[in-house]
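The values are calculated or read from the model by the stated rules, or taken from the named source; none is laboratory data. Everything numeric in this text was worked out from a predicted model, so none of it was measured. All Cβ positions, glycine included, derive from the backbone under ideal geometry; neighbour counts span all protein chains shown. Accessible surface is based on the protein model in full, side chains and every heavy atom, while ligands, DNA and RNA are left aside. Shrake-Rupley method; radii C 1.70, N 1.55, O 1.52, S 1.80 Å.
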Amino acid sequence: QVQLVESGGGLVQTGGSLRLSCAASGSIFSINTMGWHRQAPGSQRELVATITNDGSTGYVESVKGRFTISRDNANNTVYLQMNSLKPEDTAVYYCRARTTDRVGYWGQGTQVTVSS
């Protein structure tokens, strides 16, 4: 089992920045990929960014150049630095971990609201 706890969401104006954190605990040795997803009201959950154990990253096109995913392996934490935020970035952001046996775990989510 893997437990994930997100933090760092909040209210910010257009053009502002936020940094989300996701602390993992439990069977962290089994994690090979971590990522951030988001879900806006009335929309499906979408993948925002991923990072593998070797540091390879991937981003959805809409956040490239604005968001940066990183991980601190010593503290079992993944971060999502979000810059130049737009109202369309407003959503609940979820951390997800995938293990080597392809089991996925979700955090509880953290709200990000960008005002225009």
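What's the number of the only condition in (1) open to solvent by 20 Å² or more (accessible area, probe 1.4 Å); (2) in contact (Cβ under 8 Å) with a residue 12 or more places away in the chain; (3) outside any strand (DSSP E or B) that ARG102 fails to meet?
Unmet for ARG102, out of (1) open to solvent by 20 Å² or more (accessible area, probe 1.4 Å); (2) in contact (Cβ under 8 Å) with a residue 12 or more places away in the chain; (3) outside any strand (DSSP E or B): (2).
If I filter region 1-31 down to residues being open to solvent by less than 40 Å² (accessible area, probe 1.4 Å) and not small (Gly, Ala, Ser), which single residue comes out as farthest from THR110 (Cα to Cα)?
Quick first cut of region 1-31, residues open to solvent by less than 40 Å² (accessible area, probe 1.4 Å) only: 2, 4, 6, 8-10, 12, 16, 18, 20-22, 24, 27, 30-31.
Going one step further and asking which of them are not small (Gly, Ala, Ser), we end up with 2, 4, 6, 12, 18, 20, 22, 31.
Details: VAL2: 18, LEU4: 12, GLU6: 6, VAL12: 14, LEU18: 12, LEU20: 8, CYS22: 10, ILE31: 21 Å.
Once the filter is applied, the top-ranked residue is ILE31.
Among (1) at pLDDT 95 or above; (2) under 15 Å from VAL112 (Cα atoms), where does ALA23 come up short?
The one condition ALA23 does not meet is (2).
Please list, ordered by first then second residue, the pairs with beta carbon atoms under 7 Å, 6 or more apart or interchain, first in region 17-42 and among the hydroxyl-bearing types (Ser, Thr, Tyr), second open to solvent by less than 50 Å² (accessible area, probe 1.4 Å) and in a strand (DSSP E or B).
SER17/MET82; SER21/GLU6; SER21/THR77; SER21/TYR79; SER27/VAL2; SER30/THR99; THR33/THR50; THR33/THR52
If I filter region 32-54 down to residues being assigned to a strand (DSSP E or B) and of a type in the set (Ser, Thr, Tyr), which single residue comes out as surrounded by the most Cβ atoms within 10 Å (Cβ to Cβ)?
In this case the residue turns out to be THR50.
Give me the pairs, please: first residue somewhere in region 59-88 and open to solvent by 30 Å² or more (accessible area, probe 1.4 Å), second residue anywhere and of a type in the set (Val, Ile, Thr) and not in a strand (DSSP E or B), beta-carbon distance under 7 Å, and either six or more positions apart or on two chains.
Note: pairs meeting the criteria are ASN76/ILE28; LYS86/THR14; PRO87/THR14.
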